[in-house]
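What follows is one structure encoded as structure tokens, with my remarks underneath.
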Amino acid sequence: MRFGRLPVVEQAAVLYRERAQERVDGGEAAHVVAVPLPAERPVESVRVALLGAAIVLAGGMFLALRPASAGPAPQQGIFDVTAGENSYVLYHRQTGTAWILFPDPKAKRPAWVPIRRLTSEAELQSWRMNGQK
């Protein structure tokens, strides 16, 4: 067995190199370029590729793990919206007023209804005793 356990690509490279050398020795062509065998390829390119991949990976990890910039906090709106099962509550932070979104059967669409805020213990007790006013 001439090639032993060489892969087919390497076998073809060996045959091409031998035929090219025969042509050069026979004086047929002086410009034939020898194809390097895969085993003779420089390992340097693999090392450079691995080093480049490691640098890119380290840079990506650095960017992903760095703390967020300490810039200004994102500006929030003046309303808070809370969702319930069948309604939504809209709360205005600056004034403390609130509205609830109820379906309006007459208008066939939902309507915002203001919510009266109970500000004293007496109002709260009256509301509990008499129901909603």
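Odds and ends about this structure:
- Net length gained if the chain between Gln76 and Ala20 were fully extended (0.36 nm per residue, minus Cα distance): 12.6 nm
- Proximity of backbone amide H atoms, modeled 1.01 Å from N, is registered between Tyr88 and Leu101 at under 5 Å, excluding neighbours fewer than 5 places apart on the same chain.
- Evaluating 6.51 cos²θ - 1.76 cosθ + 1.60 at θ = phi - 60° for every residue in region 14-23, the Karplus couplings come out as 5, 5, 4, 5, 5, 5, 5, 5, 5, 5 Hz, glycine and proline recorded as x.
Read-outs throughout are calculated quantities, based only on the coordinates presented, and are distinct from any laboratory measurement. It should be emphasised that the depicted structure is a prediction, and the values quoted were computed from it without experimental measurement.
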